[in-house]
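The values are calculated or read from the model by the stated rules, or taken from the named source; none is laboratory data. Treat the numbers as computed from the prediction; the structure is a model and nothing was measured. Cβ sites come from the backbone with ideal geometry, for glycine too, and all protein chains shown count toward neighbours. All accessible areas refer to the heavy atoms of the entire protein, side chains included, with ligands and DNA or RNA removed. Shrake-Rupley method; radii C 1.70, N 1.55, O 1.52, S 1.80 Å.
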Amino acid sequence: MGQKKEAMFEKMLEQKKEVKIVRRIVFVLTLLIIIGGLLGGRAVYKYINEALQPVDPNSEEIIDVEVPIGSGLTSIAEMLEEKGLVRNAKIFKYYAKFNNEAQFQAGSYGLTKAMTLDELIESLKTGKVYRTPIFTMTVPEGLTLDQIANVVEKRAGIPAKDFLKYVNNEQTIADLMGKYPKILTEDILAEDVRYPLEGYLYPATYPFYEEKPSVETVVTTMLDATSSNITPYFAYLESNGRSVHWLLTFASLLEREATATTDREAIASVFYNRLEKGMMLQTDPTVLYALGMHKDRVLFADLEVDDPYNTYKYVGLPPGPIANSGKSSIEAVVDPAITEYFYFLADKEGKNYFAKTYEEHLANIAEHLSGD
């Protein structure tokens, strides 16, 4: 009996010691993120941040996972990594422990690579088996609120006008701000912001488990995704004195400008360089947003539209996002390329050309846009 008590006591001490170590590691990781943001520790920041993200946000494949009775957090984390459901078993383990989530239920699960760490933890904690969705709704990157309304109408059967009425209702916005206080701040109510939730409905493939979900269910599902995908950037934003609104606004410009994933970091550097010099961003997508229409070409006359979203008229970022942004655009804002570029243009095939000076930019125009 005495030996049993002694063993239990030693186990308790070991658990306490492990908790202290975990908290210390999380603290160190947080410091690394902050230091990475301040000193340009790009590799460290990317490694940790990517490990906290879903493996494949657009995946709909259901992966069977069997959690045996008596499984510990370590073995479960390693199993999830082996199945390709998490990027790094150790970081999943530390994340769960830091959030005091280590009691998981044995059973059979159907999980997907699109699930966040929080969603995986919730499923394993509650014993809730993944259900096959009745339908899915894909919201692509770079859509405006009006365009998302059309997707919702087509896939969820909610009239676009009803969707737009809901997301622009004052009481709705107040209620959502109360539910998502760290994501939806007073910034979305600024005088010149056209739509409070513009840019805040995350692009992803969403599963729905009822034939006719309510507009509230659809919107909160998308905002839950926004919250999950933006939360990992809080440390960066805080250390740099930036807001979620600033991040999503900046990212939306990249989402609408970039024609290739690899160009986003370079375009971000152009915008950063111009902002630092007090130059206007002069990005065409903001003109189209100001005009409220889609056009294949922006004409010189269009650049004269007097609207706070027109970055040919006003210095700095526009009042708010002009579209929703995916992970690659958000990442480019957080971790831009370091260049001396101040100009760029895209040719007819969408290939971008960058320049340090206006003279070089004019040469690029002559070479790549001749005849336009």
Result for region 155-266: accessible area per residue, probe 1.4 angstrom, in square angstrom, of 45
Two pseudo-spin positions, 7 Å from Cα along C-beta at residue 146 and at residue 276, lie apart in nanometres by 3.6
Per the C-alpha gyration tensor (a ≥ b ≥ c, the square roots of its eigenvalues), region 85-243 is rounded if a/c is under 1.5, else prolate if a/b beats b/c, else oblate; here it's oblate
Expected field for residue 256, accessible surface area in Å² at 1.4 Å probe radius, rounded to 10, holds 100
In this structure, the FRET efficiency calculated for residue 59 and residue 212 from their beta-carbon separation, with R0 = 35 Å, to the nearest 0.05, is 0.90
By the C-alpha gyration tensor axes a ≥ b ≥ c (rounded if a/c is under 1.5, else prolate when a/b exceeds b/c, else oblate), the shape of region 69-119 is rounded
Burial-style ranking of 103-116, 53-66, 82-95, average other-beta-carbon count within 10 Å with highest first, yields 82-95, 103-116, 53-66
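Any chance you could run the full-extension gain for residue 347 through residue 105? It's 0.36 nm times the residue separation minus the Cα-Cα distance, nm to one decimal.
Taking 0.36 nm per residue and subtracting the Cα distance, the gain is 81.6 nm.
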With every protein chain in place, the accessible area of residue 274 for a 1.4 Å probe, in Å² rounded to the nearest 10, comes to 10
Probe 1.4 Å, heavy atoms of protein chains only: per residue, the accessible area of region 331-372 in Å² is 59
Under a 1.4 Å probe, counting only protein heavy atoms, residue 164 has an accessible area in Å², nearest 10, of 40
Counting only DSSP loop positions in region 270-372, the chymotrypsin sites (Phe, Trp or Tyr not before Pro) whose Cβ has at most 13 other Cβ atoms within 10 Å are 300
Quick calc: nm separation of the 7 Å Cα→Cβ label points for residue 74 and residue 47 -> 2.1
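Quick check on region 304-368: take the gyration tensor over C-alpha atoms, sort the square-rooted eigenvalues as a ≥ b ≥ c, and tell me if it's rounded (a/c under 1.5), prolate or oblate.
It comes out oblate by the Cα gyration axes.
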